[in-house]
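Student: Quick one: the structure is below, questions incoming.
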Amino acid sequence: MNKVILLGTATAMLATAPFAKANGPIDGKLYGKINASVVNTASGSEDTWKLNSNASRIGVKGSTQVSEGLTVFYKTEFEVDVDDDVFKQRNIYAGVKGRFGSILAGKNDTPTKLAQKKIDLFNDLEGDIMKTFAGENLMSNIIAYTTPKYGNFSATYAVMPGEEDGGSLSDASSYSVNYSKGDLYVAVAGDSNVKGADLVRVVSQYKVDAWQLGLMYQDNDTTDESGYFASAAYKIDNITYKAQYGSNENDTDGSDKTTLSLGADFKLAKNTKSFVFFTDNEDSSSTKTFGLGLEHKF
């Protein structure tokens, strides 16, 4: 029943978006992507083949200038599963922006997750950074303020009230301070009690010629884990070669979680690509995955 309600809500929004644009200063856009892959996963004695839908989605986003220097913006996004009966909320929020910066409220990625930028080259696949590191959170009840850009710096601070008796406005919080100049990006970010975790991460990304390089260090006080993550992409013609490696060690018992991914994207058109990848995730056991996939954005 909930899926039917969500589907009906999304359909109504899509239907009314063009009408609203024609009758007012609303800049609405329908967007989405389909990402599917065929994967083989080997773990221990198990060997399985699957068809995966990798965070395929559909949404509407836009903005309206309500007065001089003040704009209202919104986003409504749902995840769809190309091979199963799944339809669920992703980022859904509304906000205002102006010279003061921007404020949004709803369901959104935390500043810590957003600070990662695009160093995770296998996002939404088996090599996703979230398989090895905490901090990749999409949170409900989020209220986030982002400053205007001061020189090359900007910052975001978000609170997430628990909505329970005796709780506070900032039961959980997340922040990021970002520096961006040309092809260099650096961020310091952290969470406080976000899904029970207190952590700090430092991220950098640098583009030079055909290369994109990424590096992250993270310290998680709650689980007593610390580790690093590095990635590199090299583009030549319509092919992008990708590699990334991460290690997250428990500083108490010395146990280690690692992830290694290698792959390539083949650009078929402006919004369409095919891809191939291999991922080896190691913790108490080893899970190796090989996959082929296709992505189309609209």
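Student: How many nm is it between the label spots at residue 232 and residue 140, if each spot is 7 Å from the Cα in line with the beta carbon?
Tutor: Those two pseudo-labels are separated by 4.3 nm.
Student: I need the P(r) histogram for the range 184-298: all alpha carbon pairs, bin width 10 Å from 0 out to the longest distance, whole percents.
Tutor: Result returned by the calculation: 13, 32, 33, 19, 3.
Student: Here's another thing I want to ask about it. Among 228, 157, 31, which one moves the most in a GNM of the chain with springs linking Cα atoms closer than 10 Å?
Tutor: Result: 31 has the largest fluctuation of those listed.
Student: Full extension from residue 193 to residue 297: what is 0.36 nm times the residue separation minus their Cα-Cα distance, to one decimal in nm?
Tutor: Values: separation 104, 0.36 × 104 = 37.44 nm, distance 3.48 nm.
In short, 34.0 nm is gained.
Student: In the range 2-297, what is the volume of the convex hull around the alpha carbon atoms, normalised per residue and reported in Å³?
Tutor: In the range 2-297, the Cα hull volume divided by residue count equals 168 Å³.
Student: Let me ask another. The range 43-120: which trypsin sites (Lys or Arg not before Pro) are DSSP loop and have at most 13 other beta-carbon atoms within 10 angstrom?
Tutor: 99, 118
Student: While we're looking at this one, here's another question. Do any GluC sites (Glu not before Pro) in the range 49-128 lie in a DSSP loop with no more than 13 other beta carbon atoms within 10 Å, and if so, which?
Tutor: 68
Student: Indicate the gyration tensor shape class of the range 49-193 (rounded, prolate or oblate), computed on the Cα atoms with a ≥ b ≥ c the square roots of the eigenvalues: a/c under 1.5 is rounded; otherwise a/b larger than b/c is prolate and the rest oblate.
Tutor: Rounded, since a/c falls under 1.5.
Student: Work from the charge dipole of the range 130-272 (Cβ charges, +1 for Lys and Arg, -1 for Asp and Glu, about the Cα centre) and give the residue of 199, 218, 187 farthest towards its positive end.
Tutor: 187
Student: Let me ask you something else. How much net charge surrounds residue 148 when only other residues with a Cβ under 15 Å from its Cβ are counted (Lys, Arg +1; Asp, Glu -1)?
Tutor: Residues close to residue 148 contribute a combined charge of +3.
Student: Taking the Cα centre of the chain as origin, work out the dipole magnitude from +1 charges on Lys and Arg Cβ and -1 charges on Asp and Glu Cβ, in debye rounded to 20.
Tutor: 1900
Student: Identify which of 127, 214, 44 has the largest mean-square fluctuation in a Gaussian network model of the chain, with springs joining Cα atoms closer than 10 Å.
Tutor: 44
Since every read-out is calculated from the coordinates, none of them should be taken as a lab result. Only a predicted model underlies this, so the values are computations on that prediction, with no experimental measurement involved. No Cβ is skipped: glycine too gets one built from the backbone with ideal geometry, and neighbour counts run over all protein chains shown.
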